[in-house]
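Read through the structure below, which is laid out as structure tokens, and then see the notes.
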């Protein structure tokens, strides 16, 4: 009995095309690894194993990807089964499927594919950290007004701002690395749900496929999707954090703010307004990142309240969306890193803005606490009244006004020389005196940049180690296949 035309059109054909694009490589790798293990355990004879190996070697990836789905088989797995059976004979080729199921094969494919995707997001985030560290190192003395509640709040430095973002990205790396570790375990051998009575070696196929080891419970191996949700959660947190920074960067690109100018390669002109320099690279990053975030949420919603088991809801139909979420997340983060690497900041405009809106007055209140022995509640009141006075008389000396308002609040006039008072109220002094751990003082940010450089080096080393291990497993697998 053949499949209904509507089922072929709306499901089987779509899934066949998706599997060719996403899972053909992992599926063939699983075939080879399983074959080696079967031969080593004596479950399949060496002679039959060599025949199956020869059949597998006839399969050319590009030729399979060019195949049009014709409805004569259910999916890519059964299509390859037909190819193997034709090349090796059904009796011998069929032995390859001993002690496994599409259930554990599928879950193994998904984990193999997703571990690469997670590394891709991590790689892009490390590049963004590197870019921001380069900018921060050049702008430890670049002062600008930090905002809270969209209003100018206190002076800080560009390095201080970027270090906040960098620390967030460092935590993203912790999450992504943990997600990789959860994912990089091998379900192969769990079979349909309960494992098998054959004396298989799950550790051996794990080694040949580049996994850190096998998964545990065979039921959970084909039923759970928490590894998938962990991957998506770590990715979603990353793009959400980067998206908030992009929002700031786009604001800085506006003519009204004017802090940031992207290089010409990352802007576009209007079709009608030749004066425009639209910062479209950052707009695309925001849009693509939003897509990634929504796709992560869509996957989580799709698996919510589905049965605990091997089900379509978490498999064929969902996996392309999973991959697209990772792909868009990687694109968004990588685009921000590229666009910012050659960006220029208007240092003078940032400094000038930091001198306005009385955003240094907190330091005056702090100074009065330290030097005059007053409680902060009183010094806050003095500073607030002083601002009101200055607004009424912007050209007048500040020292007499401070003496007047302090006497009103405390009963005694607090007198500072005008030049000393203006130093206390300067953005440079405000930043320099804040040597708190994690603060904006240039010597503090210099140490923080050094520490973040070391953290980046460690994460890059970890990434290279994982990439090298996966590449080595491919070579090791081929060597074992050739040894059959």
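The values are calculated or read from the model by the stated rules, or taken from the named source; none is laboratory data. This one's a predicted model, so the numbers in the text were calculated from it and none came from an experiment. Cβ placement follows ideal geometry from the backbone for every residue including glycine, while neighbour counts extend to all protein chains displayed.
Go through (1) surrounded by fewer than 17 Cβ atoms within 10 Å (Cβ to Cβ); (2) part of a helix (DSSP H, G or I) and name the single condition residue 438 misses.
(2)
Filter the range 196-241 for residues that are without any contact (Cβ under 8 Å) to a residue 24 or more places away in the chain and under 19 Å from residue 32 (Cβ atoms) and give the result.
Result: 202, 203, 206.
Exactly one of (1) surrounded by 15 or more Cβ atoms within 10 Å (Cβ to Cβ); (2) in contact with a helix residue (DSSP H, G or I) (Cβ under 6 Å, 6 or more places away or on another chain); (3) over 30 Å from residue 235 (Cβ atoms) is unmet by residue 353. Its number?
So residue 353 meets the others, but not (2).
So which of 294, 377 ends up being assigned to a helix (DSSP H, G or I) and either touching a residue at least 40 places away in the same chain (Cβ under 8 Å) or assigned by TED's automatic domain parsing to the domain that holds residue 162 (or both)?
Going through 294, 377 in turn, the sole match is 294.
Working only within the range 279-310, note down all residues that are over 17 Å from residue 322 (Cα atoms) and out of contact with any helix residue (DSSP H, G or I) (no Cβ under 9 Å at 6 or more places or on another chain).
Hit for the range 279-310 is 305, nothing else.
Looking at 44, 11, 36, which is the one that is assigned to a helix (DSSP H, G or I) and at pLDDT 95 or above?
Going through 44, 11, 36 in turn, the sole match is 36.
Give the residue, chosen from 455, 413, 388, that is part of a helix (DSSP H, G or I) and free of Cβ contacts under 8 Å to residues at least 40 places away in the same chain. If you could, list the steps in order and put the result at the bottom.
Numbers: 455 fails: free of Cβ contacts under 8 Å to residues at least 40 places away in the same chain; 413 fails: part of a helix (DSSP H, G or I).
Exactly one of 455, 413, 388 is part of a helix (DSSP H, G or I) and free of Cβ contacts under 8 Å to residues at least 40 places away in the same chain, namely 388.
Only one of these is in a helix (DSSP H, G or I), touching a residue at least 24 places away in the same chain (Cβ under 8 Å) and closer than 30 Å to residue 345 by Cβ: 169, 56, 96, 80. Name it.
Within the list 169, 56, 96, 80, the selection yields 169.
Residue by residue through the range 4-24, note down the ones that are loosely packed, with under 15 Cβ neighbours inside 10 Å and touching a helix residue (DSSP H, G or I) at 6+ places or on another chain (Cβ under 8 Å). Please lay out each step first, then the result.
First, the residues of the range 4-24 that are loosely packed, with under 15 Cβ neighbours inside 10 Å: 4-7, 9-10, 21.
Of everything in the range 4-24, just one residue is loosely packed, with under 15 Cβ neighbours inside 10 Å and touching a helix residue (DSSP H, G or I) at 6+ places or on another chain (Cβ under 8 Å), namely 21.
With (1) in the same structural domain as residue 256 (by TED's automatic domain parsing); (2) closer than 28 Å to residue 256 by Cα as the list, and residue 440 as the residue in question, which single condition is left unmet?
(1)
Restricting attention to the range 184-213, which residues are outside any loop (DSSP other than H, G, I, E, B), touching a helix residue (DSSP H, G or I) at 6+ places or on another chain (Cβ under 7 Å) and either buried (at least 22 other Cβ atoms within 10 Å of the Cβ) or not assigned by TED's automatic domain parsing to the domain that holds residue 117 (or both)?
Within the range 184-213, 186, 205, 208 qualify.
What do you reckon, is residue 310 over 30 Å from residue 252 (Cβ atoms) and outside any helix (DSSP H, G or I)?
yes
Could you please let me know if residue 399 is loosely packed, with under 13 Cβ neighbours inside 10 Å and assigned to a helix (DSSP H, G or I)? Working first, answer last.
Working: loosely packed, with under 13 Cβ neighbours inside 10 Å: no; assigned to a helix (DSSP H, G or I): yes.
When the stated conditions are applied, residue 399 does not pass them.
Does the range 235-252 contain at least one residue that is touching a strand residue (DSSP E or B) at 6+ places or on another chain (Cβ under 7 Å) and closer than 25 Å to residue 129 by Cα?
As a first pass, look at the range 235-252 and keep what is touching a strand residue (DSSP E or B) at 6+ places or on another chain (Cβ under 7 Å): 249, 252.
When the remaining residues are screened for being closer than 25 Å to residue 129 by Cα, the result is 249, 252.
Looking through the range 235-252, at least one residue is touching a strand residue (DSSP E or B) at 6+ places or on another chain (Cβ under 7 Å) and closer than 25 Å to residue 129 by Cα.
Please determine, by comparing only the residues of the range 229-268 that are touching a helix residue (DSSP H, G or I) at 6+ places or on another chain (Cβ under 6 Å) and modelled with pLDDT under 95, which one is surrounded by the most Cβ atoms within 10 Å (Cβ to Cβ).
By that ranking, first place goes to 266.
I'd like the residue in the range 214-252 that is within 30 Å of residue 290 (Cβ to Cβ) and assigned to a loop (DSSP other than H, G, I, E, B) and, out of all such residues, is farthest from the chain's Cα centre (by Cα).
224
Which count do you get for residues in the range 136-149 that are outside any strand (DSSP E or B) and either surrounded by fewer than 18 Cβ atoms within 10 Å (Cβ to Cβ) or not assigned by TED's automatic domain parsing to the domain that holds residue 244 (or both)?
4
Only one residue in 54, 39 is crowded, with 20+ Cβ neighbours inside 10 Å, over 40 Å from the mean Cα position of the chain (by Cα) and either over 18 Å from residue 108 (Cβ atoms) or assigned by TED's automatic domain parsing to the domain that holds residue 210 (or both), so which one is that?
39
Only residues that are within 29 Å of the chain's Cα centre (by Cα) and either touching a residue at least 60 places away in the same chain (Cβ under 8 Å) or part of a loop (DSSP other than H, G, I, E, B) (or both): list them for the range 22-33, please.
Of everything in the range 22-33, those that are within 29 Å of the chain's Cα centre (by Cα) and either touching a residue at least 60 places away in the same chain (Cβ under 8 Å) or part of a loop (DSSP other than H, G, I, E, B) (or both) turn out to be 22, 23, 26, 27, 29, 30.
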